[in-house]
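The next block holds one structure in the form of structure tokens; read it before the comments.
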Amino acid sequence: QVQLVESGGGLVQAGGSLRLSCAASGSIFSINTMGWYRQAPGKQRELVAIINSRGVTNYVDYLKGRFTISRDNAKKTVYLQMNSLKPEDTAVYYCNAAVVTAQAMGLDEYEYWGQGTQVTVSS
């Protein structure tokens, strides 16, 4: 069983910063791509940023420069540093990971989601 646990969300004023963390635990052989998604009220879940096991990153264009994704492979943790926050960044932020686990027949990759952490930016 694999779990992703997010932390670091909260209430912040516009222009402020928050750092989200997501730690993976359980029967993990390795972790490939990790990422952050967000879902605002009444909207679909959208990609924020992803990072592969070598540290190569990809961001949604309109968040480049304000958000930074990073990971610590030894800690099985991915981070999202969010700066210059705006009210429109208000959403539930979800961690996602492609986790490789050892099965009886070999290695398999499964996608896991965290429970989400609320980020609220006040104007």
Pseudo-spin-label distance Asn52 to Asn32, built 7 Å along Cα→Cβ, given in nm, is 1.0 nm
Contact order relative to length for the stretch 1-116, counting C-alpha pairs under 8 Å separated by 6 or more residues, stands in percent at 33 percent
Subtracting the Cα-Cα distance of Ala102 and Arg45 from 0.36 nm times their residue separation yields 17.5 nm
Reduced to Cα centres, the span from the stretch 73-119 to the stretch 27-41 in Å works out to 3 Å
Result for the chain: accessible area per residue, probe 1.4 angstrom, in square angstrom, of 54 Å²
Ignoring trypsin sites (Lys or Arg not before Pro) buried by more than 12 other Cβ within 10 Å or outside DSSP loops, the longest site-free run in the chain is 76-123
The answer for chymotrypsin sites (Phe, Trp or Tyr not before Pro) in the stretch 1-100 that fall in a DSSP coil and have at most 11 neighbouring Cβ atoms within 10 Å is none
Zone reached by a paramagnetic label modelled 7 Å from Ser25 Cα along Cα→Cβ, restricted to the stretch 74-106 with backbone N below 14 Å, covers 75-77
Listed by chain and number, the lysines with an alpha carbon less than 26 angstrom from that of Lys86, same-chain partners under 8 positions apart left out, are Lys43, Lys64
For the chain, the percent of accessible surface on carbon and sulfur atoms (probe 1.4 angstrom, ligands and nucleic acids excluded) is 48 percent
Candidate cut points under GluC sites (Glu not before Pro) in the stretch 83-123, DSSP loop plus at most 16 other Cβ atoms within 10 Å of their own Cβ, are none
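The values are calculated or read from the model by the stated rules, or taken from the named source; none is laboratory data. Note that the coordinates shown come from a computational prediction; the quantities given were computed from them, not determined experimentally. Every residue, glycine as well, gets a Cβ built from its backbone with ideal geometry; the counts of neighbours run over all protein chains shown. Areas reflect the complete protein model, heavy atoms only, side chains present, ligands, DNA and RNA absent. Shrake-Rupley method; radii C 1.70, N 1.55, O 1.52, S 1.80 Å.
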